[in-house]
Amino acid sequence: MFSFTRDQLLEEQERIAKKVRLRHVDAESIRAVCGVDISYSDKRLVACAAIWNRDTKDIAAVSFHSSKANFPYIPSFLYKREFMPMVKVVRRLEVRPDLVLVDGHGILHPKKAGLAVFVGVALGIPTIGVAKTLLVGEIGHMKGFLAPISIKSERLGWLVQKEGSRKYYFSPGNLVRVDDLPMLASIWGYGYPPPLTHADKMSREKVYQQ
DNA sequence: GCGACAG
DNA sequence: ATCTTGTCGC
């Protein structure tokens, strides 16, 4: 099988980080939002992509991809474990989403190359990383539901927390700008993104019955 | 050297 | 992520 040295993985992250393009996206143009998540049962995994329609506020399409986990979970190298299954499950959708939300960090990462960066660069679709815990970065002062997060004074993401809700960490994966994230998070009211809630639930159901 | 460490 | 009892709160 394949083995990788830590340096090889770091080189791969540095290469992908150079391919990221942070571009402005108009929130009004975002209609189909896709959430991607993965559930596990031992070494088996099931990835689910769920498209949530911003107008109907309901799920418009779903796809699954089952495979075997071929790499362990190592902090800051999650991409090696989940990147390919996520790309495949999104490509399996019959509809091309306007925005992809990934369960994990984007450029808010030691090498600016989190899981959402790999997925976003591979797909060429605006992508955002949404994580439930912080990996790196310093959190600024909360203003409304938002607090900027930066590394060495460079703003790379946002802490989003609606009153009475948990904290979520947003950062660009590709083709969106850091300062676009607040407007995009407002689409679903700053809570946990509905597309990710559905993808999480459906991937868990699928891996359970399989 | 020690601790921290997305999912 | 997954496993997994009881407990707090709406």
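Every number in this text was worked out from the coordinates using simple rules, so none of it is lab data. Quick caveat: nothing in here was measured; it's all calculated off a predicted structure. Please note: Cβ atoms are built from the backbone with ideal geometry, for glycine as well, and neighbour counts cover all protein chains shown.
Which residues, counting only those in region A:132-148, are within 15 Å of DNA strand C (Cβ to nearest atom) and without any contact (Cβ under 8 Å) to a residue 40 or more places away in the chain? Quick ask: steps written out before the conclusion?
Keep residues of region A:132-148 that are within 15 Å of DNA strand C (Cβ to nearest atom), which gives A:132-135.
Within region A:132-148, A:LYS132, A:THR133, A:LEU134 qualify.
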Q | Matching residues, region A:109-135, being within 8 Å of DNA strand B (Cβ to nearest atom) and more than 22 Å from A:VAL90 (Cα to Cα) | A | A:HIS109, A:THR133, A:LEU134, A:LEU135
**Q.** Tally, over region A:56-98, of residues that are in contact with a Phe, Trp or Tyr (Cβ under 7 Å, 6 or more places away or on another chain) and either within 15 Å of DNA strand B (Cβ to nearest atom) or farther than 20 Å from A:MET202 by Cβ (or both)
**A.** 6
Q) Within region A:1-50, which residues are buried (at least 16 other Cβ atoms within 10 Å of the Cβ), more than 19 Å from A:ALA131 (Cα to Cα) and not hydrophobic (A, V, I, L, M, F, W, C)? A) A:GLU12, A:ARG31
